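Worksheet: one structure, shown below.
The values are calculated or read from the model by the stated rules, or taken from the named source; none is laboratory data. No experiment lies behind these values; they were computed from the predicted model shown. In this analysis, Cβ positions are derived from the backbone assuming ideal geometry, glycine residues included, and neighbour counts consider all displayed protein chains.
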């Protein structure tokens, strides 16, 4: 059985306007203002994953990223053994974040949200908890690695104070085994983008 290429999910997004589910490659960016109505959302609890929840999170990562492994710093990183945080809403796992200590920093490897809970602040809660955990562990810096196609993540992280620190050209393509993946909005998935935030 051949290994699927990175980014071969494709992840599913939810349209912020009509609520329909949309495949990653069929999604589009649209300029909107902040006029959407305020919604009262249930509380989000972020914590370490139980063994069963880890399996659920790995399935989510595999669906979103094509496999239980990602390219980070130009190397293939398996997700099976890294720590995972989960976000729980109404006793349901709404999102997950995989991380590792790396080169003196706290490294966010993968962040995924269940389509049902997108736009509910799940990703923000997970990253905020990751930053608290990084501070408690004494890491002066937190880093995240994403594919060049992941425009929503680029927007998400930069709004939270992360800055692009490096771009590794063809880092993802080098591990695609000749199967070039098409990512968000049909963008070819080729490069790795690294973002970083210094923690006070």
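When residues in region 75-130 are screened for being within 13 Å of the chain's Cα centre (by Cα) and free of Cβ contacts under 8 Å to residues at least 12 places away in the same chain, 0 of them pass. If you filter region 69-93 down to residues that are touching a helix residue (DSSP H, G or I) at 6+ places or on another chain (Cβ under 8 Å) and assigned to a loop (DSSP other than H, G, I, E, B), you find that the one that is modelled with the lowest pLDDT is 74. Just name the residue that is surrounded by the fewest Cβ atoms within 10 Å (Cβ to Cβ) out of those in region 94-111 that are part of a strand (DSSP E or B) and out of contact with any helix residue (DSSP H, G or I) (no Cβ under 7 Å at 6 or more places or on another chain). Ranking the candidates gives 101 first.
Mind listing whichever residues of region 116-130 are part of a helix (DSSP H, G or I) and surrounded by 18 or more Cβ atoms within 10 Å (Cβ to Cβ)?
117, 122, 123, 125, 126, 127, 129, 130
Could you tell me whether any residue of region 47-58 is in a loop (DSSP other than H, G, I, E, B), at pLDDT 65 or above and touching a helix residue (DSSP H, G or I) at 6+ places or on another chain (Cβ under 7 Å)? There is at least one residue in region 47-58 that is in a loop (DSSP other than H, G, I, E, B), at pLDDT 65 or above and touching a helix residue (DSSP H, G or I) at 6+ places or on another chain (Cβ under 7 Å).
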